[in-house]
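Working notes, structure below.
The values are calculated or read from the model by the stated rules, or taken from the named source; none is laboratory data. Model, not experiment: these values are computed from the prediction. Every residue, glycine as well, gets a Cβ built from its backbone with ideal geometry; the counts of neighbours run over all protein chains shown. Heavy atoms of the whole protein, side chains included, go into the accessibility calculation; ligands, DNA and RNA do not. Shrake-Rupley method; radii C 1.70, N 1.55, O 1.52, S 1.80 Å.
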Amino acid sequence: MSFLLVPLYTSYLNTQEYGIIDLVATTINIIIPIFSLNIAEGIMRFTLEEKNSKDYLAYGILVAKKGALILALFGVVLSFIPMMSEYRIYFPWMFVGFIFNLIYSISQNYLRAIDRIPIMIIASLINTVVMLTADIFFIVIMKWGFCGYYFALFLGLLVSTLFMQFNENIFTGIRLKSLQKNELNKQMLSYCIPTVFTGMAWWINSSLDKYFVTGICGVSQNGIYSVAYKIPTILGVFQTIFTQAWSISAVVDFDEKDTDGFFTKTYELYNAGMVLITSIIMIFNIFLSKILYANKFYQAWYYVPVLLYATLFSAMAGYLGGIFSAVKDTKTCAYSTFVSAGVNIVLNTLLIGRIGILGAAISTAIAYFISWLIRLIVSAKYIKMSIDWKKSILVYWLLIIQLICAMSPSHIYLLQIVILILIICTYKKYYMSLLLKLLKYIKKYK
């Protein structure tokens, strides 16, 4: 959806408008885990163990209600602060965005936990279609700009949430007495609270640089930087698809000795797949940029390769996060992400003033790499995986060389293609395995 909508945004919105839209969206993304205590993730994790119980969902709803009330009061207080007068017009949009996104997230996570994946998928598709259609109407026809963007966003979330409710009665039949189970409440909070810090730190890694870019380079430059993230979104789609399945499999199939090699094989296949997609997207970066980026937005192509590299390590760190979720060690995730976030802040401060937007992209890539490295080291305490690190290190260095080629004025396509071939040769065993699995799946459902 993000991919398809980029040409529309870059054609009908200017860099300043899109910069403001993205800053509001970025703020919504951080207030959700803080004021909801990331309760949607807790609902999924604990409901997985008791699929026939709505006790965890009930407590999650209670936490969400309290969080919404606190956020509303917080917004009112901020509105009376003189230095916030310029931004108070965006507070209602942020609050509504918090409500709609949170309800949608709770619904999706609950459906995943009770194995109602088809309903969840259809709801996601409905969200996409409604938002795409509404964007065309509100932004292209009505020319409502900022308001049109968020009307479309909220409408997509509302329609898809109603669809999930009508099909699964998610919020009906909840027993209020379940909220009195203090032990249940303590378990969920002890699991969720560390994930809040993880979410905050992850947000710092992925989004705080946009505030730095806005403050140092201006809101128009943030619009360009935000659009640069759209091509890495292609890689992010594969990450999201995998993560949604992995968050369940890691819990259900956890084995600290990895006797059958499931965790090792999955890591290797996932890593090989993400590396391949990263390399291919880098080669087609200019082609995609010419299609997606209109007017002044086109210069965003230059920052895409570094952000692709950052997305790769974000994905691999996310894989390891599934292991910590399986053993309910959310503190390690919080620690690793906070350390990397601290590094990100320092590097943003040092680099953006010197090399502009590129400094923000480099800071993000280094931060995700550090998060992945810390989680990798600590994960050895819980599970023994036999990863071929020589191959991994080789392909990571090959991608750095390709990244430099992709950012050069001539793009050096020949060398990029050679690097892609080397990556395929290095991981040919895994690519053959992925291909055979895909063909087997197609044959099964043909």
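Summing +1 for each Lys or Arg and -1 for each Asp or Glu, what net charge is found among the other residues whose Cβ lies under 15 Å from the Cβ of residue 220?
Overall, the nearby charge balance is 0.
Does the range 223-377 come out rounded, prolate or oblate by the C-alpha gyration tensor, with a ≥ b ≥ c the root eigenvalues, rounded set by a/c under 1.5 and, if not, prolate when a/b is larger than b/c and oblate if not?
Because a/c hits 1.5 or more and a/b fails to exceed b/c, the range 223-377 counts as oblate.
When the chain is modelled as a GNM with alpha-carbon springs shorter than 10 Å, which of 394, 189, 71 fluctuates the most?
With Cα springs under 10 Å in the chain, the top fluctuation among 394, 189, 71 is at 394.
Explain nothing, just compute: Karplus ³J(HN,Hα) = 6.51 cos²θ - 1.76 cosθ + 1.60, θ = phi - 60°, for every residue of the range 31-40 in order, whole Hz, x for Gly and Pro.
Running phi through 6.51 cos²θ - 1.76 cosθ + 1.60 with θ = phi - 60° gives 6, 4, x, 5, 8, 9, 6, 6, 5, 4 Hz.
Tell me, what is the percent relative contact order of the chain, built from C-alpha pairs under 8 Å that lie six or more residues apart?
Taking the mean separation of contacting Cα pairs over the length of the chain, I get 20 percent.
Under the rule of -39500 (n - 2.57) per DSSP H run of 4 or more residues, summed and divided by the residues of the chain, what mean residue ellipticity at 222 nm is obtained, to the nearest 500 deg cm²/dmol?
Calculated mean residue ellipticity at 222 nm is -26500 deg cm²/dmol.
Of the chymotrypsin sites (Phe, Trp or Tyr not before Pro) in the range 45-98, which ones lie in a loop per DSSP and count no more than 13 other C-beta atoms within 10 Å?
Loop-located and lightly packed - 80.
Which shape class, rounded, prolate or oblate, goes with the range 39-138 when its Cα gyration tensor gives a ≥ b ≥ c as root eigenvalues, a/c under 1.5 marks rounded, and past that a/b bigger than b/c marks prolate?
The shape class here is oblate.
From the backbone phi of the range 100-112, what are the Karplus-calculated ³J(HN,Hα) couplings (6.51 cos²θ - 1.76 cosθ + 1.60, θ = phi - 60°) in whole Hz, Gly and Pro given as x?
5, 5, 5, 5, 4, 5, 4, 4, 5, 5, 5, 5, 4
From the backbone phi of the range 44-51, what are the Karplus-calculated ³J(HN,Hα) couplings (6.51 cos²θ - 1.76 cosθ + 1.60, θ = phi - 60°) in whole Hz, Gly and Pro given as x?
These are the phi-based 3J(HN,Hα) values: 5, 4, 7, 5, 4, 8, 9, 5 Hz.
Could you sort 60-70, 224-234 so that the peptide with the highest average Cβ count within 10 Å comes first and the rest follow in order?
For the peptides 60-70, 224-234, the packing ranking is 224-234, 60-70.
Could you list, in their original order, any pairs among 390/428; 384/440; 265/429 whose Cα atoms are separated by more than 22 Å?
Those over the limit are 384/440.
In terms of solvent-accessible area of protein heavy atoms at a 1.4 angstrom probe, what is the ranking of 217, 405, highest value first?
These residues rank, largest area first, as 217, 405.
May I ask you to order 12-18, 271-277, 142-148 by the average number of other C-beta atoms within 10 Å around their residues, highest value first?
Top of the packing list down: 271-277, 12-18, 142-148.
Taking only protein heavy atoms and a 1.4 Å probe, what accessible area per residue, in Å², does the chain have with all protein chains in place?
The answer is 46 Å² per residue.
What number results when the radius of gyration of the range 83-179, computed over Cα atoms, is divided by 2.2 N^0.38 Å?
Cα-based Rg divided by the globular estimate yields 1.28.
Could you work out the relative contact order of the range 47-127, using alpha carbon pairs under 8 angstrom and six or more residues apart, expressed as a whole percent?
Relative contact order comes out at 37 percent.
By the scheme Lys and Arg +1, Asp and Glu -1, what is the net charge of all other residues having a beta-carbon under 11 Å from that of residue 39?
Residues close to residue 39 contribute a combined charge of +2.
With all protein chains present, how much of the accessible area of the range 1-136 (probe radius 1.4 Å) comes from carbon and sulfur, to the nearest whole percent?
Summing carbon and sulfur atoms, their accessible area is 69 percent of the total for the range 1-136.
With +1 on the Cβ of every Lys and Arg and -1 on the Cβ of every Asp and Glu, and nothing else charged, how large is the dipole of the chain about its Cα centre, in debye rounded to the nearest 20?
580
Going from most exposed to least, what order do 137, 324 have by accessible area with a 1.4 Å probe?
137, 324
If a/c stays under 1.5 just call it rounded; otherwise compare a/b with b/c (prolate if a/b is bigger, oblate if not). Do that for the range 122-228, with a ≥ b ≥ c from the square roots of the Cα gyration tensor eigenvalues.
oblate
Across the chain, how large is the tail of the calculated P(r) beyond 44 Å, expressed as a percent of all Cα pairs?
10
Please list 428-434, 155-161 highest first by mean number of surrounding beta-carbon atoms within 10 Å per residue.
155-161, 428-434
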